[in-house]
Amino acid sequence: MKTWHFIGILLPLLGCSHGSPAENEAQTQKTLNTPIITNESPEPIQEMAVPNPIQKQEKRQQQQKSKALMNVPLIKQNPELKYGCEVTSLAMMLKYAGADTDKMKLFNEIKKDNDPLKRSANGDILSWGNPAEGFVGDMTGKQAGYAVFDKPMIDLINRYLPGRAVNLTGKDFNEVLEHVSAGYPAVVWTTGDYRLPDRWESWTHGNEVIKTPLDLHAVVLVGFNETNVFLNDPLSGRKQVPVNKIRFIETWKAMQSRAVSYR
């Protein structure tokens, strides 16, 4: 575990307060769609001339999955919420869904894990909260703050959109893209620069050991095409930021494949 002198340098960079948006990189990628392969016997000749509505529907769905882009409103987390990327991203998504809310309402309503930050005499982090249970630390940045994960976010989505929350955490990223292609933006967890995390910390929470990257960020996935995903970033204040899809998926998986949305 790192010494407090090192942590003291990193504390202002905990959670979503750190990171610059990635530049668009021109890389190619094969289409997400795969050909439909069937072992069924050929239809009789007299029936083959009649269009198959199921095949036409599948073709339309495949075409739909190749790209999508939504005009989700952009909201910035600063200056009020230095560590508030999750609730600010959620505010963007809920606004798009027609909910009457904003980032400060969500800041007050999101569940908090208020376990205090405890340190050893050497400055090592000994214990703190669990972001799976609620937001850890001070979201405003007046004191050290960290993050919140998917389950408290799902609870908040269901408060505004009863019974409509969708937890995509742990799913294959193609399922996330299919959900987005159906017209639903998603809050996804990544890093400040959308690259693989390289700064990890650990502490205890009761009988648990929390091991997590310090450079953690949440953004809104608003679209994609064959080579890029498009993000609304509450920290940089940029809308529909293009990020290389392959790189983004690698980072998303490293962050435990967390994503929440609604239907």
Original post:
Listed residues Leu81, Leu156, Leu74, Leu69; which is touching a strand residue (DSSP E or B) at 6+ places or on another chain (Cβ under 7 Å) and surrounded by 14 or more Cβ atoms within 10 Å (Cβ to Cβ)?
Top reply: Leu74
Original post:
Does Val209 satisfy the criteria of being free of Cβ contacts under 8 Å to residues at least 40 places away in the same chain, out of contact with any helix residue (DSSP H, G or I) (no Cβ under 9 Å at 6 or more places or on another chain) and either crowded, with 17+ Cβ neighbours inside 10 Å or assigned to a strand (DSSP E or B) (or both)?
Top reply: yes
Subject >> Residues located in region 92-136, provided they are small (Gly, Ala, Ser) and closer than 20 Å to Lys76 by Cα >> reply: Ala97, Gly98, Ala99
Subject >> Subset of region 203-237 (residues that are closer than 14 Å to Leu90 by Cβ and at pLDDT below 95) >> reply: none
Original post:
Do we find a residue being at pLDDT below 95 and either among the basic types (Lys, Arg) or under 23 Å from Arg263 (Cα atoms) (or both) anywhere in region 119-127?
Top reply: yes
Original post:
Just one of Val188, Val148 is buried (at least 19 other Cβ atoms within 10 Å of the Cβ), closer than 19 Å to Thr101 by Cβ and under 12 Å from the mean Cα position of the chain (by Cα); which is it?
Top reply: Val148
Original post:
What residue, of Arg195, Arg238, is surrounded by fewer than 17 Cβ atoms within 10 Å (Cβ to Cβ) and on the phi < 0 side of the Ramachandran plot?
Top reply: Arg238
Subject >> Selection count where residues are aromatic (Phe, Trp, Tyr) and either assigned to a strand (DSSP E or B) or under 14 Å from Ala147 (Cα atoms) (or both), scope region 180-206 >> reply: 3
Subject >> Selection count, region 132-177, where residues are in a helix (DSSP H, G or I), more than 29 Å from Leu117 (Cβ to Cβ) and not aromatic (Phe, Trp, Tyr) >> reply: 5
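The values are calculated or read from the model by the stated rules, or taken from the named source; none is laboratory data. Note that the structure is a prediction, hence the values are computed from the model and not measured. We place every Cβ from the backbone using ideal geometry, glycine too, and count neighbours over all the protein chains shown.
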